[in-house]
Amino acid sequence: MNKHFLSLELDKVLLRLAEFTACPDARELALQLRPESDPALAQALMNQTRDAHMLLARFGGPSFGGLRNVNNALRRAQAGSVLNMRELLDIASVLRTIRGLSGWRDANAGVETVLDTLFGALTPNKYLEDAIFGAILSEEEMADNASPELASIRRKIRAQESKIREQLEKMTRSSAYSKYLQENIITMRNGRYVVPVKSEHRAEVPGLVHDTSSSGATVFIEPMAVVSANNEIKVLQSAERDEIDRILLELSVTAGGFCESIENSYACAVELNVIFAKAQLAYSMKATVPQINDKGIVDLRAARHPLIDPKKVVPVDIRLGEEFTTLVITGPNTGGKTVSIKTLGLLSLMAMCGLMLPVRDQSRVSTFHEVLSDIGDEQSIEQSLSTFSAHMTNIIDILERTDERSLVLIDELGAGTDPVEGAALAMAVLENLASKGARIAATTHYAELKAYALQTPGVENGCCEFDVRTLRPTYRLLIGVPGRSNAFAISERLGMRKEVVDRARELVDDASIRFEDVVDKLELSRLNMEKERENAEAISRDADAALREAKRIREEALALRQKELDNAKSQALRITEQARREANALLMELEKLRKERDKAQDAAELARRARRTVRRGIDAIDAAADPVVSLCDPDEPYTLPRALQVGDDVLIASLGKQAKVLSLPDRNGNVEVMAGTAKMRIKLSELRLVTEQPKQDKKGGRRVPTGTGERPLNLAAETRLDLRGMLVDDCLIELDRFIDHALRSGVTDFTVVHGKGTGALRTAVRQYLKKSPYVKTSRPGMYGEGEDGVTIVTLK
């Protein structure tokens, strides 16, 4: 990494990025990131980070655990080498991670991203993964079911071992041999089963001596009875090793056959790991995606240096390249000048690496062919003092490398020598760099450069704000305002005698004093304008909030109005249908009356029922015509037009009911009223005097109630109609109403309960249903449904 990037601390940002990676190769790739000067490539890298950031927010991050470089093992397997168990397990682990990444993307495939190409290049190989994990338990153990032959060999080994143990256990329990044994145990030496025999009795136990104890008191003898079985175990163990080698060879050949596929998938997984590490770094910095251009325009809004403690960093606004190409920042030491230009340079490099920036939305940043810096006083993390000659050496190198696509950052330009010569040299350097079309940001203490920035087109002053009252910098970068050293004010605040400070002011030339006075006035004007702007913004925010609230209230009112209209239309439709049914029922009654006119008693009964039906229809229509009694607001101020009298008709505003006054108000303001059949005491303030005259019928004899508060017929969907106890004519009217209601409610099946009794009601119901054009089928109930006492109806 070149020294300019190091001076801007790009390496430390890449170290933070590397902490989010999951494997050594991804970490190395992150540390090797370099800025892309091509705007198309830089934008492509930024788009990858943007989409990874979005996927993290929506679905959480994929797992990259288990990634490791197995390319060497794969190449050896491809060349015919046999891999060991550890290498094969590493390959299977990589395949499992690749399969997990591919499955994660498939499970979250609801949105297209630029990362889909990399995800699509992943090639899961579950066959090889299962083959390895199924055969190898650990780097030292092969599974019994790795092959049928291996399972058979191991069964035979276990059988021989069991046989040997059984024979040796008989020997240790035998009274003939137990007295010769040092201990009644079975052990192993050199992979063969032996028993410990006392040294002086070794001739009493025929067999092969394999070892002796350190004291010489014990010899470990393999009895002759188990020598053959031990030999068989040795043969089987040799066969086991051969079978394991064969299985490893077979798995190695298979893995070598997929070498290129696994290598390509691994490379894509490593690249994805770095991209998602960029997204995780962006989350940790609360970063956003900037707009990238190649015109040298930089507009960083609320930019924060990523290496400064987020709790202490002060956001700064930095502009360059649009209104001016050179920014000269002045002000006292420790005020934030160096941090400002380092923030500008570092964020430009980060954007060219595809890293999101800790800035506010709508920030802009440019790509550059060269980002050149001479920062001799590194204040943020490291301290590095440079001599004037080293400083000039860097400046000379920068002058030779600068072109129109360069960003040049110089700290303390012209410092370290005579102020007059240093200021002249600084202006000459700035002029030369500007003539090449570079974008320049420089810090200085020279007053001559402040005047140069004021007089030269394309050059702008900037300063880091300093609070003289607290003797502390605010670290805010102010563009368009030249900075002040504030040396006199700081010295006086620190306690220097006033006459010394006054004498120092006298020694300053008049031009400098006038310049500082102009700067003071500019600073005062800026502060006043900022306060006015903040007040205007607050007023604008309040106005916007009030406008949004007014729009919300208006929308709610319109929605409520529409809802009430819809309810009224629905209620009117229901009333119309009810009236139609009542009229049809009345016509049916009259028709029956005509047919049965010879039966005086039945005719009289039918006439009475007809009158009742007509009365119910009229009352329902009357109630629907005035469904809401009170249209007034109970909280609305109201004054009685006169004092209440006993017998007055009043309206209870809170209940929406009419009532009659029974007594005058008592001392607590309560009035006893009769609402329907209920007596109650109501506050006088809740009563409204009804001044309308009661309606009279045509004969003048019946008072038609208005606003009774009764609701129309309840039209809730029912699936059971009980007609028991009703006369035939009444039940048919009720059945017709129920069918009409069921058709409008969407009910297709219902049950009519008519009972068994004499059968007259059942017969009438079933004959009516057979003739009805709305009935698809009707049948008697079955066992468990009510049998012959019910009829099951299905409508068309």
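One residue is enough: does the stretch 651-667 have a residue meeting the conditions surrounded by 11 or more Cβ atoms within 10 Å (Cβ to Cβ) and either modelled with pLDDT under 55 or within 25 Å of Thr576 (Cα to Cα) (or both)?
yes
What's the number of the only condition in (1) open to solvent by less than 50 Å² (accessible area, probe 1.4 Å); (2) within 25 Å of Leu433 (Cα to Cα); (3) not polar (S, T, N, Q) that Pro358 fails to meet?
Unmet condition: (2).
Identify the residue in the stretch 222-235 that is of a type outside the set (Val, Ile, Thr) and open to solvent by 20 Å² or more (accessible area, probe 1.4 Å) and, among all such residues, is nearest to the chain's Cα centre (by Cα). Spell out how you get there, then give the answer.
Start the filter on the stretch 222-235 by keeping residues that are of a type outside the set (Val, Ile, Thr), which leaves 222-225, 228-232, 234.
Retained after the next criterion (residues that are open to solvent by 20 Å² or more (accessible area, probe 1.4 Å)): 224-225, 228, 231-232, 234.
Values: Met224: 75, Ala225: 74, Ser228: 70, Asn231: 67, Glu232: 65, Lys234: 62 Å.
That would be Lys234.
For residues that are within 25 Å of Cys259 (Cα to Cα) and either surrounded by fewer than 12 Cβ atoms within 10 Å (Cβ to Cβ) or in contact with a His (Cβ under 8 Å, 6 or more places away or on another chain) (or both), tally how many sit in the stretch 116-160.
7
Any residue in the stretch 760-775 that's more than 17 Å from Phe750 (Cβ to Cβ): show its pairings with residues that are part of a helix (DSSP H, G or I) and open to solvent by 50 Å² or more (accessible area, probe 1.4 Å) at Cβ separation under 6 Å, as long as the two are six or more apart or on different chains.
Sorted first by the residue in the stretch 760-775, then by its partner, the pairs are Ala764/Val728.
Go through Glu183, Glu243 for me and flag whichever is at negative phi and open to solvent by 50 Å² or more (accessible area, probe 1.4 Å).
On the way: Glu243 fails: open to solvent by 50 Å² or more (accessible area, probe 1.4 Å).
Criteria check complete, one pass: Glu183.
Restricting to the stretch 544-586, name every residue that is in contact (Cβ under 8 Å) with a residue 24 or more places away in the chain and open to solvent by less than 60 Å² (accessible area, probe 1.4 Å).
Gln571, Ala572, Ile575, Glu577, Gln578, Ala579, Arg581, Glu582, Ala583, Ala585, Leu586
Could you identify the single residue in Asp736, Asp749 that is touching a residue at least 12 places away in the same chain (Cβ under 8 Å) and surrounded by fewer than 14 Cβ atoms within 10 Å (Cβ to Cβ)?
Asp749
For the stretch 252-261, name all the residues that are of a type outside the set (Ser, Thr, Tyr), touching a residue at least 60 places away in the same chain (Cβ under 8 Å) and either in contact with a Pro (Cβ under 8 Å, 6 or more places away or on another chain) or surrounded by fewer than 23 Cβ atoms within 10 Å (Cβ to Cβ) (or both). Even if it seems obvious, please write down each step before you answer.
So the first thing to find is which residues in the stretch 252-261 are of a type outside the set (Ser, Thr, Tyr), and the list is 253, 255-260.
Now drop any that are not touching a residue at least 60 places away in the same chain (Cβ under 8 Å), which leaves 253, 255-259.
Once the filter is applied, which keeps residues that are of a type outside the set (Ser, Thr, Tyr), touching a residue at least 60 places away in the same chain (Cβ under 8 Å) and either in contact with a Pro (Cβ under 8 Å, 6 or more places away or on another chain) or surrounded by fewer than 23 Cβ atoms within 10 Å (Cβ to Cβ) (or both), the stretch 252-261 yields Val253, Gly256, Gly257, Phe258, Cys259.
Kindly provide the set of residues from the stretch 588-604 that are open to solvent by 40 Å² or more (accessible area, probe 1.4 Å) and either closer than 16 Å to Glu734 by Cβ or modelled with pLDDT of 75 or more (or both), ordered by number. Give the steps one after another, and end with the answer.
First, pick out the residues of the stretch 588-604 that are open to solvent by 40 Å² or more (accessible area, probe 1.4 Å): 588, 590-602, 604.
Met588, Lys592, listed by residue number.
So, of the residues in the stretch 164-173 that are touching a residue at least 24 places away in the same chain (Cβ under 8 Å) and open to solvent by less than 40 Å² (accessible area, probe 1.4 Å), which turns out to be farthest from Lys234 (Cα to Cα)? Before the answer, list the steps.
We begin by selecting, within the stretch 164-173, every residue touching a residue at least 24 places away in the same chain (Cβ under 8 Å); these are 164-165, 167-168, 171.
Filter again for open to solvent by less than 40 Å² (accessible area, probe 1.4 Å), leaving 164, 168, 171.
Values: Ile164: 13, Leu168: 18, Met171: 22 Å.
Of everything passing the filter in the stretch 164-173, Met171 is farthest from Lys234 (Cα to Cα).
Show me the strands (runs of 3 or more DSSP E) entirely contained within the stretch 128-201 in which 3 or more residues are not hydrophobic (A, V, I, L, M, F, W, C).
192-198
Output the number of the condition that Val481 fails; it satisfies all remaining conditions of (1) open to solvent by less than 40 Å² (accessible area, probe 1.4 Å); (2) at pLDDT 80 or above; (3) among the aliphatic types (A, V, I, L, M); (4) assigned to a loop (DSSP other than H, G, I, E, B).
For Val481, the exception is condition (2).
Need pairs with beta-carbon distance below 9 Å; first residue at negative phi and modelled with pLDDT of 90 or more and within the stretch 149-163, second outside any helix (DSSP H, G or I) and surrounded by fewer than 14 Cβ atoms within 10 Å (Cβ to Cβ); sequence gap 6+ or separate chains.
none
Run Gly110 past the list (1) assigned to a helix (DSSP H, G or I); (2) closer than 30 Å to Met46 by Cα and report the number of the one that doesn't hold.
Exception for Gly110: condition (1).
Suppose the filter is farther than 26 Å from Val235 by Cα and either charged (D, E, K, R) or open to solvent by 40 Å² or more (accessible area, probe 1.4 Å) (or both); does Ala176 pass it?
The answer is yes for Ala176.
With the structure loaded, tell me whether Asp397 is open to solvent by 40 Å² or more (accessible area, probe 1.4 Å), over 12 Å from Thr338 (Cβ atoms), assigned to a loop (DSSP other than H, G, I, E, B) and modelled with pLDDT of 85 or more or whether it fails that test.
Considered against the rule, which asks whether it is open to solvent by 40 Å² or more (accessible area, probe 1.4 Å), over 12 Å from Thr338 (Cβ atoms), assigned to a loop (DSSP other than H, G, I, E, B) and modelled with pLDDT of 85 or more, Asp397 comes out as no.
Within the stretch 223-240, how many residues are closer than 17 Å to Ile157 by Cβ, without any contact (Cβ under 8 Å) to a residue 60 or more places away in the chain and not β-branched (Val, Ile, Thr)?
Keep residues of the stretch 223-240 that are closer than 17 Å to Ile157 by Cβ, which gives 226-240.
Right, trim to without any contact (Cβ under 8 Å) to a residue 60 or more places away in the chain and you get 227-228, 231, 234-235, 238.
Among the residues that remain, those that are also not β-branched (Val, Ile, Thr) are: 228, 231, 234, 238.
Of the residues in the stretch 223-240, 4 are closer than 17 Å to Ile157 by Cβ, without any contact (Cβ under 8 Å) to a residue 60 or more places away in the chain and not β-branched (Val, Ile, Thr).
Starting from the stretch 283-306, keep only residues that are closer than 15 Å to Asn47 by Cβ and among the polar types (S, T, N, Q), then list their pairs with residues that are open to solvent by 30 Å² or more (accessible area, probe 1.4 Å) and in a loop (DSSP other than H, G, I, E, B) whose Cβ atoms are within a distance under 9 Å, requiring at least 6 positions of separation or different chains.
Thr288/Arg360; Thr288/Asp361; Thr288/Gln362; Gln291/Gln362
Considering only residues that are in contact with a helix residue (DSSP H, G or I) (Cβ under 8 Å, 6 or more places away or on another chain) and not in a helix (DSSP H, G or I), which ones fall in the stretch 1-18?
Met1, Leu8, Glu9, listed by residue number.
Might you check whether a residue that is of a type in the set (A, V, I, L, M), closer than 23 Å to Met352 by Cβ and touching a helix residue (DSSP H, G or I) at 6+ places or on another chain (Cβ under 7 Å) occurs anywhere in the stretch 69-84?
no
Given (1) over 15 Å from Lys337 (Cα atoms); (2) touching a helix residue (DSSP H, G or I) at 6+ places or on another chain (Cβ under 8 Å), identify the lone condition not met by Leu409.
(1)
Just one of the numbered conditions (1) touching an Asp or Glu at 6+ places or on another chain (Cβ under 6 Å); (2) within 14 Å of Ile132 (Cβ to Cβ) is not true of Asp90; which one?
(1)
Yes/no matrix, rows are residues, columns are (1) crowded, with 21+ Cβ neighbours inside 10 Å; (2) part of a strand (DSSP E or B):
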| site | (1), (2) |
| --- | --- |
| Ser214 | no, no |
| Phe220 | yes, yes |
| Ala239 | no, no |
| Ser265 | yes, no |
| Val274 | yes, no |
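The values are calculated or read from the model by the stated rules, or taken from the named source; none is laboratory data. Quantities reported herein were computed from a predicted structural model and do not represent experimental measurements. Neighbour counts run over all protein chains shown; Cβ positions are idealised from the backbone, glycine included. For accessibility, only protein heavy atoms count, side chains too; no ligands or nucleic acids. Shrake-Rupley method; radii C 1.70, N 1.55, O 1.52, S 1.80 Å.
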